[in-house]
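Q: Quick one: this structure, given as structure tokens, is what I'll be asking you about.
The values are calculated or read from the model by the stated rules, or taken from the named source; none is laboratory data. Just so it is clear, the structure is predicted and the values come from calculations on it, not from any experiment. Neighbour counts are summed over all protein chains in view; Cβ atoms, including those assigned to glycine, are modelled from backbone coordinates with ideal geometry.
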Amino acid sequence: MEFSIKSGSPEKQRVACVVLGVFESRKLTEAGAAVDEAAGGYLSDILRRGDMDGRLGTTLLLHHVPHALPERVLLVGLGKEREFRDKAYRDALRAAIKTLDETGSMEAAVYLTEVPVKRRDLAWNVEQAVVVAQEALYRFDQLKSKQEAPRRPLRRLTLAVSRRGELALGEAAVRRGLAIANGMQLARDLGNLPGNLCTPAFLADRARELGKSHGLGIEVLEQADMERLKMGALLSVAKGSRQPPKFIVLQHRGGNKKQKPVVLVGKGITFDAGGISLKPAAEMDEMKYDMSGAASVLGALQAAAELALPLNVVGLIPACENLPDGAANKPGDVVTSMSGQTIEVLNTDAEGRLILCDALTYAERFEPEAVVDVATLTGACVIALGNVATGLLANNDALARELLHAGEAAYDRAWQLPLWDDYQEQLKSNFADMANIGGRPAGTITASAFLSRFARKYHWAHLDIAGTAWKGGKEKGSTGRPVPLLVHFLLGRAG
Ligand code: BES
Ligand code: MN
Ligand code: ZN
């Protein structure tokens with residue numbers, strides 16, 4: 001979809017539709033009042049009669065509003081004015097976009113961006129409008145044999161700012177929003193693709209394409225390379241699969257040569273059956289999303305390139321499958337990681353940390369400024385934080401704060417859990433340097449306590465996205481999170 005920024009009165013827009021907000025108890029927003037005045041009180045009349053009361057997310061489409069140039073007016077309920085915060089703004093926008101799309105308005109001018117949102121500014125409103133619109137219009141139908149009947153889809157959105165002086169700011173926000181939305185779309189497509197299509201080799205091919213289209217450096221390490229590097233933990237997981245593992249290295253070189261890079265590491269398990277510690281059958285299909293960390297790293301790198309961020313960013317993606325097989329890891333097996341530390345594999349389903357630990361060791365060669373890994377790592381994180389917040393753990397408080405702040409700014413929030421030494425006890429093994437599981441208590445924390453042993457040489461943070469990267473149930477699908485958080489983190493680093 002195309003987005004543009006415009007200042008000017010709503011009643012004078014020659015468009016198929018203008019979108020205006022109404023607060024609860026039927027109060028029009030400023031733009032709404034302007035149209036109402038031009039139309040001789042036509043809108044307030046309708047509100048008085050009770051056809052629309054402004055409840056959050058409700059919509060009313062009007063045709064032939066007198067003395068207004070737009071062909072239609074879409075009223076959108078914003079809820080209580082005192083409670084008009086982030087979520088309400090996004091909900092109202094989503095309702096508006098869905099209605100526009102369903103009613104065949106191919107273009108519209110949205111005036112909701114002018115409405116003040118508590119503790120946010122115009123740039124945020126505009127960026128979010130782009131992200132929410134693209135999110136709402138996303139479809140994944142590439143695997144249906146028949147595409148939906150041709151419709152008249154929403155093609156062009158004009159986002160309103162109150163003053164001409166705000167046009168440039170609005171346009172920059174649109175560019176940011178688009179880069180984020182495109183990154184999310186890439187991540188969602190990859191996440192939604194099933195394990196038989198989205199294999200490690202497929203991920204590597206997509207990374208190569210991304211490298212070509214966006215001018216990123218790309219290298220794919222093969223199994224023999226990983227053997228040479230002694231990535232024994234990663235390889236032990238890959239052994240149980242017929243799909244050869246791939247280790248993807250992508251680079252955005254936007255900074256000067258001497259600038260130390262930010263390294264993003266994404267868990268790329270293209271299907272997680274659990275291995276010999278097999279998962280239960282129910283909902284096992286959802287483990288196709290176990291490469292969502294990898295997908296979000298690809299999305300973030302694409303965005304960094306699109307925005308030409310003056311920053312060096314490296315993306316590392318260890319990719320393989322976790323399946324049961326005669327050659328697979330067995331409970332009790334001891335493997336040697338690239339770092340030299342040995343690991344007793346007490347549960348083959350705790351495979352994410354096994355592939356990530358070698359990627360974290362590999363990251364050392366970039367002498368990174370900071371390393372952030374992103375992984376659908378633990379079911380425990382879904383229990384702790386649900387589908388709302390990403391779990392955040394870090395060995396450096398400034399980096400943790402930076403990521404929390406980025407999540408806040410992007411409305412893609414994370415919540416920090418403690419990574420205290422006390423939790424390391426749970427990883428003790430009688431047979432190796434450590435076990436790969438720490439028992440039931442604090443599963444998300446012990447998983448990152450494990451990773452922290454491989455991240456001693458740099459500032460490091462871990463994002464557990466098991467609950468936020470995808471949705472289950474009727475609306476099952478990939479969400480594209482935490483691409484917005486990652487892009488804001490990089491934007492912040494780029495200054
Ligand atoms: N990919 C899973 C984590 C997961 C579970 C993500 C549910 C999303 C939803 C991970 O590889 C895993 O299996 N973790 C185990 C660890 C346990 C064996 C210590 C888990 O969380 O059950
Ligand atoms: Mn697993
Ligand atoms: Zn997994």
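Q: Residues in region 225-235: is at least one touching a helix residue (DSSP H, G or I) at 6+ places or on another chain (Cβ under 8 Å), assigned by TED's automatic domain parsing to the domain that holds LEU486 and part of a strand (DSSP E or B)?
A: no
Q: Please work out which one of (1) surrounded by fewer than 24 Cβ atoms within 10 Å (Cβ to Cβ); (2) touching a Cys at 6+ places or on another chain (Cβ under 8 Å) is the condition ILE343 fails and give its number.
A: Condition not satisfied by ILE343: (1).
Q: Can I ask one more? Being within 21 Å of the chain's Cα centre (by Cα) and among the hydrophobic types (A, V, I, L, M, F, W, C) is the filter here; which residues of region 64-94 pass it?
A: ALA88, ALA92, LEU93
Q: Having 3 or more residues that are within 22 Å of GLY170 (Cα to Cα) and acidic (Asp, Glu) is the bar; report the strands (runs of 3 or more DSSP E) wholly within region 1-114 that clear it.
A: Here the list is empty.
Q: Do we find a residue being part of a helix (DSSP H, G or I), within 16 Å of ligand 2 (Cβ to nearest atom) and among the hydroxyl-bearing types (Ser, Thr, Tyr) anywhere in region 427-444?
A: Yes, the conditions are met somewhere in region 427-444.
Q: Something else now. So THR336 ticks every box in (1) surrounded by 23 or more Cβ atoms within 10 Å (Cβ to Cβ); (2) more than 15 Å from ligand 1 (Cβ to nearest atom); (3) among the hydroxyl-bearing types (Ser, Thr, Tyr) but one. Which box is left unticked?
A: (1)
Q: Next question, about the same structure. Which of the residues that make up region 257-281 are assigned to a loop (DSSP other than H, G, I, E, B), more than 10 Å from ligand 3 (Cβ to nearest atom) and in contact (Cβ under 8 Å) with a residue 24 or more places away in the chain?
A: GLN259, LYS260, PRO261, ILE276, SER277, LEU278
Q: Right, ASN322: in contact with a helix residue (DSSP H, G or I) (Cβ under 9 Å, 6 or more places away or on another chain) and within 16 Å of ligand 3 (Cβ to nearest atom) or not?
A: Spelling it out, ASN322 is indeed in contact with a helix residue (DSSP H, G or I) (Cβ under 9 Å, 6 or more places away or on another chain) and within 16 Å of ligand 3 (Cβ to nearest atom).
Q: Scan region 412-464 for residues that are among the acidic types (Asp, Glu) and either outside the structural domain of GLY275 (by TED's automatic domain parsing) or crowded, with 19+ Cβ neighbours inside 10 Å (or both) and jot them down.
A: Scanning region 412-464 gives ASP412, ASP464.
Q: Does any residue of region 108-115 turn out to be surrounded by fewer than 21 Cβ atoms within 10 Å (Cβ to Cβ) and among the polar types (S, T, N, Q)?
A: no
Q: A further question on this structure: Would you confirm, using the coordinates I've provided, whether ARG164 is in contact (Cβ under 8 Å) with a residue 60 or more places away in the chain and within 16 Å of ALA409 (Cα to Cα)?
A: No.
Q: Please find, within region 238-275, the residue that is nearest to ligand 2 (Cβ to nearest atom) out of those that are over 26 Å from GLY217 (Cα atoms) and over 26 Å from the mean Cα position of the chain (by Cα).
A: The selected residue is GLY275.
Q: Read through the list (1) of a type outside the set (Ser, Thr, Tyr); (2) over 22 Å from TYR289 (Cβ atoms); (3) within 16 Å of ligand 2 (Cβ to nearest atom), then give the number of the only condition that GLN223 fails.
A: (3)
Results for (1) over 27 Å from LEU298 (Cβ atoms); (2) not hydroxyl-bearing (Ser, Thr, Tyr), shown as yes or no for each residue.
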residue: TRP415; (1), (2): no, yes
residue: PRO418; (1), (2): yes, yes
residue: PHE431; (1), (2): yes, yes
residue: PHE450; (1), (2): no, yes
residue: TYR458; (1), (2): no, no
residue: THR468; (1), (2): no, no
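Q: Sticking with this structure for a sec: Restricting attention to region 115-148, report how many residues are of a type outside the set (A, V, I, L, M, F, W, C) and not in a loop (DSSP other than H, G, I, E, B).
A: Residues that pass the stated criteria total 5.
Q: With respect to LEU278, is the statement that it is within 16 Å of ligand 1 (Cβ to nearest atom), over 27 Å from the mean Cα position of the chain (by Cα) and farther than 20 Å from ASN182 by Cα true?
A: yes
Q: Hey, can you tell me all the residues within region 313-346 that are in a loop (DSSP other than H, G, I, E, B) and either not polar (S, T, N, Q) or not assigned by TED's automatic domain parsing to the domain that holds GLU219 (or both)?
A: LEU323, PRO324, ASP325, GLY326, ALA327, ALA328, LYS330, PRO331, GLY332, MET338, GLY340, LEU346, listed by residue number.
Q: Further question on the same structure: Looking at region 449-483 only, could you name the residues that are more than 15 Å from ligand 2 (Cβ to nearest atom) and in a helix (DSSP H, G or I)?
A: ALA449, SER452, GLY473, LYS474, GLU475, VAL483, listed by residue number.
Q: Can you pull out the residues in region 386-404 that are assigned to a helix (DSSP H, G or I) and either touching a helix residue (DSSP H, G or I) at 6+ places or on another chain (Cβ under 8 Å) or crowded, with 24+ Cβ neighbours inside 10 Å (or both)?
A: Of everything in region 386-404, those that are assigned to a helix (DSSP H, G or I) and either touching a helix residue (DSSP H, G or I) at 6+ places or on another chain (Cβ under 8 Å) or crowded, with 24+ Cβ neighbours inside 10 Å (or both) turn out to be GLU402, LEU403.
Q: Can you tell me which residue is surrounded by the most Cβ atoms within 10 Å (Cβ to Cβ) among those in region 359-385 that are away from ligand 1 (no atom under 12 Å from the Cβ) and in a loop (DSSP other than H, G, I, E, B)?
A: Of everything passing the filter in region 359-385, PRO368 is surrounded by the most Cβ atoms within 10 Å (Cβ to Cβ).
Q: Next question, about the same structure. Could you check region 192-224 and list, in sequence order, the residues that are out of contact with any Ser or Thr (no Cβ under 8 Å at 6 or more places or on another chain) and not in a helix (DSSP H, G or I)?
A: Once the filter is applied, which keeps residues that are out of contact with any Ser or Thr (no Cβ under 8 Å at 6 or more places or on another chain) and not in a helix (DSSP H, G or I), region 192-224 yields LEU193, PRO194, ASN196, LEU197, GLY215, LEU216, GLY217, ILE218, GLU219, VAL220, LEU221, GLU222.
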